[in-house]
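In what follows, a single structure is set out as structure tokens and then discussed.
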Amino acid sequence: MAKTRELCKDIRDKIVDLHPAGMGYRTIGKQLGEKATTVGAIIRKWKKFKMTVNHPRSGAPCKISPLGASMIMRKVRDQPRTTRQDLVNDLKRAGTTVSKKTISNTLCRHGLKSCSARKVPLLKPVHVHARLKFANDHLDDPEEEWEKVMGSDETQIELFGLNFTRCVWRKKKDEYNRKNTIPTVKHGGGNIILWG
């Protein structure tokens, strides 16, 4: 279940102070801008325990402190290909022993997923500008012009670097960020030929 917003202690105390004055849950809720069910829950808690602060929650507390979590996030932001074992070792050096699963949970809480790095052509800035210029020049071309263009259904790709899937920690929108991709180069030698 998702963690919901908690009321601050001042508002809880105001709710408890207004209730003995004969005000109902809805009236108190409208006055303070809260739901009647929330007001009722706080008043029932007050009647039962005579306190408005939260009780300690069940379950083990998180082993990774906020400082440790920010250290993990900083390392992953700088080096998205960092493995969970590297992060476990970093935390161990800092004095915290955790499992790989705890690392995964922490990264997921901060919106990161372990995904396969996308394979993209290795482009220099000159290539990027040339492609952008071509796209802008032909932006308003009619469809008949594009029908004259012959498309090749075969391409030769040489993977630049290691020939296996690498995982990166990233957010969904950062799929094609340069840090999160594996560059590929077309040239002779060991290669893959694809037909469409």
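At a glance:
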item: Scope the range 119-153; condition touching a residue at least 40 places away in the same chain (Cβ under 8 Å) and outside any loop (DSSP other than H, G, I, E, B); matching residues; result: Lys119, Val120, Pro121
item: Residue ID - modelled with the highest pLDDT, chosen from residues in the range 163-196 that are assigned to a strand (DSSP E or B) and β-branched (Val, Ile, Thr); result: Val168
item: Residue check for Val53: outside the structural domain of Lys171 (by TED's automatic domain parsing), under 30 Å from Gly111 (Cα atoms) and β-branched (Val, Ile, Thr); result: yes
item: Cross-chain or 6+ apart pairs with Cβ under 9 Å, the range 79-95 first and assigned by TED's automatic domain parsing to the domain that holds Asn105, then in a loop (DSSP other than H, G, I, E, B) and aliphatic (A, V, I, L, M); result: Pro80/Leu112; Pro80/Ala117; Arg81/Ala117; Leu87/Val98; Val88/Val98; Leu91/Ile64; Leu91/Val98; Lys92/Val98
item: Filter result for Lys14 (out of contact with any Lys or Arg (no Cβ under 6 Å at 6 or more places or on another chain), free of Cβ contacts under 8 Å to residues at least 12 places away in the same chain and buried (at least 17 other Cβ atoms within 10 Å of the Cβ)); result: no
item: Thr52 in contact (Cβ under 8 Å) with a residue 40 or more places away in the chain, surrounded by 13 or more Cβ atoms within 10 Å (Cβ to Cβ) and more than 27 Å from the chain's Cα centre (by Cα); result: yes
item: Residue in the range 67-83 that is part of a loop (DSSP other than H, G, I, E, B) and among the hydrophobic types (A, V, I, L, M, F, W, C) present; result: no
item: Verdict on Lys124 being out of contact with any Phe, Trp or Tyr (no Cβ under 9 Å at 6 or more places or on another chain) and modelled with pLDDT under 85; result: no
item: Candidate set from the range 117-144 (those that are loosely packed, with under 10 Cβ neighbours inside 10 Å and more than 38 Å from the chain's Cα centre (by Cα)); member that is farthest from Pro80 (Cα to Cα); result: Glu144
item: Flag if Thr102 is over 30 Å from Asn177 (Cβ atoms) and either surrounded by 14 or more Cβ atoms within 10 Å (Cβ to Cβ) or of a type in the set (Lys, Arg) (or both); result: no
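The values are calculated or read from the model by the stated rules, or taken from the named source; none is laboratory data. Since we're looking at a predicted model, the values are computed, not measured. Here the Cβ is made from the backbone with ideal geometry for all residues, glycine too, and neighbour counts use every protein chain on show.
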